[in-house]
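What follows is calculated from the coordinates using simple rules that are stated; it is not laboratory data. All figures in this text were calculated on a predicted structure; none of them were measured in a lab. Virtual Cβ from ideal backbone geometry, glycine too; neighbours counted across all protein chains shown.
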């Protein structure tokens, strides 16, 4: 197979209908099937995100349609599953890829962590990020509260961090997102707190995932990039350079090296076009066979 290969929109749609489980016959119908779906994919979004090609639990349950605004839509069964399984170890739920709600299979959690700037001491890791300008003061304060006081729901976190004013909403939410994207904290439960009687309970990632630091320590960053890229392409079938950089936010040299490694391992091949997009792009063997 060589780079002159072109993939039609119909072939690509059929491939993704299977891996995304959007066809009626493959649709996810139970909580157990939801967990299996995430394990099969390695990682997936909770909701579909506009402008990002990726499987999501919503689409696997409800089909390829927009997220419904009606609370009684059958697709919203995903919300209950997600809440019930927080902190159980069956998956990691947090704002990970591009700061959006992501579900990560347990065996993939160490791979993501290996790519973070963490070495297993959350306070020290956060201090390094803060000094480097990669973590806000508010985020550092929220992490300190969790480290000193243990898991807390968002209402307490806001109060303890001094971010209860209405004009502090954005800063607080940004702090939570920063910490989740940097693999420092994650939701581990839901509490009946606040005006809506619904609030996430947060804890540090290292407390939520015992043994994570050791498992991640055995994975080099270059290998972590290769594994995550492989999982992603096995889900979406094909990806172009711009889209891959947009999702993973790796440097172009790091991305190119990971792609070349997967080509050398016989996992993907370069293609010149897919759907209505032009290359350079890389596709899984299953899509071009």
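Based on a Kirkwood Rh over C-alpha pairs, give the Stokes-Einstein translational diffusion coefficient of the stretch 96-142 at 4 °C and viscosity 1.567 mPa s in µm²/s.
108 µm²/s
Ratio of alpha-carbon Rg to the 2.2 N^0.38 Å globular estimate for the stretch 1-132, to two decimals, please.
For the stretch 1-132, the normalised Cα radius of gyration is 1.23.
Would you please report the Å³ per residue occupied by the convex hull of the alpha carbon atoms in the stretch 211-263?
Taking only Cα atoms, the stretch 211-263 has a hull volume of 88 Å³ per residue.
Of 268, 145, 111, which has the largest mean-square fluctuation in a 10 Å C-alpha GNM of the chain?
Highest fluctuation of the listed residues: 145.
P(r) for the stretch 56-101: what percent of alpha-carbon pairs falls in each 10 Å bin, starting at zero?
The distribution over the stretch 56-101 is 24, 50, 26, given as percents.
Just from its helices, what would the mean residue ellipticity at 222 nm be for the chain, if runs of 4 or more DSSP H residues each count -39500 (n - 2.57) and the sum is divided by every residue, rounded to the nearest 500 deg cm²/dmol?
-13500 deg cm²/dmol
What percent do you get for the relative contact order of the stretch 112-216 when only Cα pairs under 8 Å and 6+ apart count?
Once divided by the residue count of the stretch 112-216, the mean separation gives 31 percent.
What shape does the stretch 112-216 take by its C-alpha gyration tensor, where a ≥ b ≥ c are the square roots of the eigenvalues and a/c under 1.5 counts as rounded, a/b above b/c as prolate, and the rest as oblate?
oblate
Rounded to the nearest 5, what % of DSSP beta bridges with both residues in the chain are antiparallel?
90 percent
Suppose a student asked you for the relative contact order of the chain, using Cα pairs under 8 Å spaced at least 6 residues apart; what percent would you report?
23 percent
Is any residue of the stretch 179-215 close enough, with backbone N under 14 Å, to a label point placed 7 angstrom from the Cα of residue 130 along the Cα-Cβ axis, and if so, which?
179
May I have the convex hull volume per residue, in Å³, for the Cα set of the chain?
Normalising the Cα hull of the chain by residue number yields 140 Å³.
Taking 0.36 nm per intervening residue step and subtracting the Cα-Cα distance, what contour gain separates residue 26 from residue 241 on full extension?
So the extension gain works out to 74.4 nm.
Classify the stretch 78-160 as rounded, prolate or oblate, taking a ≥ b ≥ c as the square roots of the eigenvalues of its Cα gyration tensor: rounded when a/c is under 1.5, otherwise prolate if a/b is larger than b/c and oblate if not.
Oblate.
Take the Cα gyration tensor of the stretch 166-270, multiply each eigenvalue by 5, square-root it, and list the three semi-axes largest first, rounded to whole angstrom.
One finds semi-axes of 34, 18, 13 Å for the stretch 166-270.
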